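What follows draws every value from the coordinates through simple rules; no lab data is involved. Note that this is a predicted model, so its numbers are computed, not measured. Because the Cβ atoms are built from the backbone with ideal geometry, glycine has one as well, and the counts that use them run over all protein chains shown.
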Amino acid sequence: MKKPLPRDTPADTPAVGALIEAAQLGPDAHLLGARALQRARSVETLEVAYAAWAELQEAHQLARKRWEEERKRLAEQGTLLLGAVKAAGEPTSSEAGLTKATALESFLTEARGKLADAQKQLEDRARAAELAFLEELKKLKDELHARIARRSAAVRPVFKLAIRVLPGEKRILHAHRLGPDESVIALFALTGRIPSRYGFLFDDSTDDALQAPPVLYPDEGVSELRPTPTVLTKLLSERRDVWPVKGMLPLTLPDGSWLRWISRGAVLEAEVQDGESFRNLLSHEEAERVTGLLLSHKLAGRLELELVRE
């Protein structure tokens, strides 16, 4: 009998604005991290842990933005300083001109020294805060990873598989929609990775209405959100703990080839990699391999598999 998923309590977390306000005042990464970790541990749910992780990441990005703005401001002050000295007048051969030139040189030397000190202090603060943020983010990620591992040991996501037989010995495989927690557990149970965001599997948002929705989030150092299958699979292979996948659940078959369960409204649809594309029309043999993969995971105790009719 299917073991029910534990019910999540509502995610009662402080607004992101609280972290942003703290970051604007000069973020103490260790303090923000301790608060986020405490919040994540306050309720044993995946949603709350992901919310805390996301908020600390947002505070980190805001801090980086402010450091860069401060660097630009100091650089602009340096440019303005040189321009002001030049505008104050070129030295002349007169005694007054020499006195003025000496005063300007003294002013410039002192101002440059103060500017260099300010830049060094900024870089020292930014470097220390960056290391602190990375340390605190790792703590939260480790907490999240451990929580997902505990849940996957207690709960098996249920794949309700439907097989559509088409002319020409073609097959389409559908799986009924998984819940948010089930989606996270399924990715971990089948790949050993955790998704970078909660609710990833059914996120069909897009930044360009003329293109298909992105299949990756701009997380974990990812910049290309619509990579080719070759780039996608290489990127995922290189990441051993977190996958920034969006709207899909990718897997590898025993022969090393890739497939993905991609969100199609109320169902997930299996697609196999075919060169630089994925296709949903499977051969009889491909459908058997995909179904066999799910069956092997069922026998290993990682999921439940049910054959149903659409």
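Please identify every one of the trypsin sites (Lys or Arg not before Pro) in region 220-304 that sits in a loop by DSSP and has no more than 16 other beta carbons within 10 Å of its own beta carbon.
Those that pass, being in a loop and sparsely packed, are Arg239, Arg240.
Which three extents, in angstrom, do the Cα atoms of region 126-185 have along their principal axes, listed largest first?
Reported extents, whole Å, longest axis first: 63, 28, 14.
Assuming R0 = 45 Å, what is the FRET efficiency of Leu210 and Leu307, from their Cβ-Cβ distance, to the nearest 0.05?
The pair Leu210/Leu307 has a calculated efficiency of 0.70.
Evaluate E = 1/(1 + (r/R0)^6) for Arg289 and Glu44, where r is the Cβ-Cβ distance and R0 equals 45 Å; express this FRET efficiency to the nearest 0.05.
0.75
Among 216-222, 55-61, what's the highest-first ranking by average C-beta atoms within 10 angstrom per residue?
55-61, 216-222
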